[in-house]
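Please read the structure below before turning to the comments.
The values are calculated or read from the model by the stated rules, or taken from the named source; none is laboratory data. Note that this is a predicted model, so its numbers are computed, not measured. Cβ coordinates were reconstructed from backbone atoms using ideal geometry, including for glycine residues, and neighbour counts include every protein chain displayed.
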Amino acid sequence: MPPALAVPLVAALGLAVGSFLNVCIYRLPRGQSIAWPPSRCPSCGHAIRWHHNVPVLGYLALGGRCFDCRARISPVYPVVEAVTAAVFVLHYQQHGWSALFVVRLAFAAAMIALFTIDLEHQILPNLITLPGIAIGLVASLFVEPGWRSAVLGALLGGGLLWLVSEAYFRIRGVEGLGFGDVKMLAMIGAFLGWKLTIVTLFGASLAGAALGLALIAAGRGSLQLKLPFGSFLAVGAVAAGLWGQPFVDWYTSFYR
């Protein structure tokens, strides 16, 4: 398929998946079913008409308000849809039509959902992370990074964060990381392998530290400020999956 047709098709798929992710992002933290009832306004409860539920365009047509009660609709919805479409296109440009492309799309979709949920609710649902670990390990039997690297990545990712969390708790007497972060990094390791898991953790830690220091310098935070580390992990994981291997190759070239 020529890129002129493939890219819009992949983008449309990303928009549709992003719309479904919005359902997951809203309902999973609230313990609601993602299958039923159909999409409805959280303010008035009216079902959303199909033509108002078209990704991004529906939001723009409504002016960001519910058609029935005129309550404001969060801009997070079109942003998630647009970001998902963009991330899907980036993966297509790197992997083309391949089995790895399908696996990485599923992984990226999970990261987008976890990013948004952790940012808003500071939780990382087991309904995403635990099946994600299993799916990543099974997929590694057929595509990159291979099962050995995936198993090591899951153990290394989860183990490293657990050790950091345990050490912080014993030193400071308070929890620095939730166990959801541990399971999330284990999932990342299962999909990306141990090398890219290290890249993910390094990038997420650097970004989290930089933001924390910036907030403290601006007088908007303190050393006790809790940041949604899962959101940083999600961004780091998607970036590592797309561009991490060239970084690893460049870094290891200094030791050859």
* With the condition kept exactly as written, say whether any residue in the stretch 201-219 is among the hydrophobic types (A, V, I, L, M, F, W, C), buried (at least 21 other Cβ atoms within 10 Å of the Cβ), free of Cβ contacts under 8 Å to residues at least 40 places away in the same chain and closer than 22 Å to VAL83 by Cα. => yes
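Among the candidates LEU152, LEU90, LEU127, which residue alone is in contact (Cβ under 8 Å) with a residue 40 or more places away in the chain, surrounded by fewer than 21 Cβ atoms within 10 Å (Cβ to Cβ) and touching a Phe, Trp or Tyr at 6+ places or on another chain (Cβ under 7 Å)? Let's see the steps before the verdict.
Working: LEU90 fails: touching a Phe, Trp or Tyr at 6+ places or on another chain (Cβ under 7 Å); LEU127 fails: touching a Phe, Trp or Tyr at 6+ places or on another chain (Cβ under 7 Å).
Only one candidate qualifies: LEU152.
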* **Residue in the stretch 52-65 that is of a type outside the set (A, V, I, L, M), at positive phi and not assigned by TED's automatic domain parsing to the domain that holds VAL238 present** => yes
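Just to check your reading of the model, which residue among PHE107, PHE101 is over 24 Å from ARG27 (Cα atoms), at pLDDT 95 or above and assigned to a helix (DSSP H, G or I)? Walk me through how you get there before you give the answer.
Details: PHE107 fails: over 24 Å from ARG27 (Cα atoms).
Every option except PHE101 fails the conditions.
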* Since LEU5 meets every condition but one in (1) assigned to a loop (DSSP other than H, G, I, E, B); (2) more than 22 Å from the chain's Cα centre (by Cα), which condition does it not meet? -> (1)
* Only one of these conditions is not met by VAL54: (1) surrounded by 15 or more Cβ atoms within 10 Å (Cβ to Cβ); (2) part of a helix (DSSP H, G or I); (3) of a type outside the set (Gly, Ala, Ser). Which number is it? -> (2)
* Sort through PHE254, PHE229 and tell me the only one that's of a type in the set (A, V, I, L, M, F, W, C) and modelled with pLDDT of 85 or more. => PHE229
* Asked: Given the residues ALA234, ALA204, ALA240, which is the only one that is closer than 19 Å to LEU130 by Cα and modelled with pLDDT of 90 or more?
  -> ALA234
* **Selected residue (criterion: nearest to ALA11 (Cα to Cα)) from residues of the stretch 55-84 that are among the charged types (D, E, K, R) and more than 24 Å from the chain's Cα centre (by Cα)** => ARG65
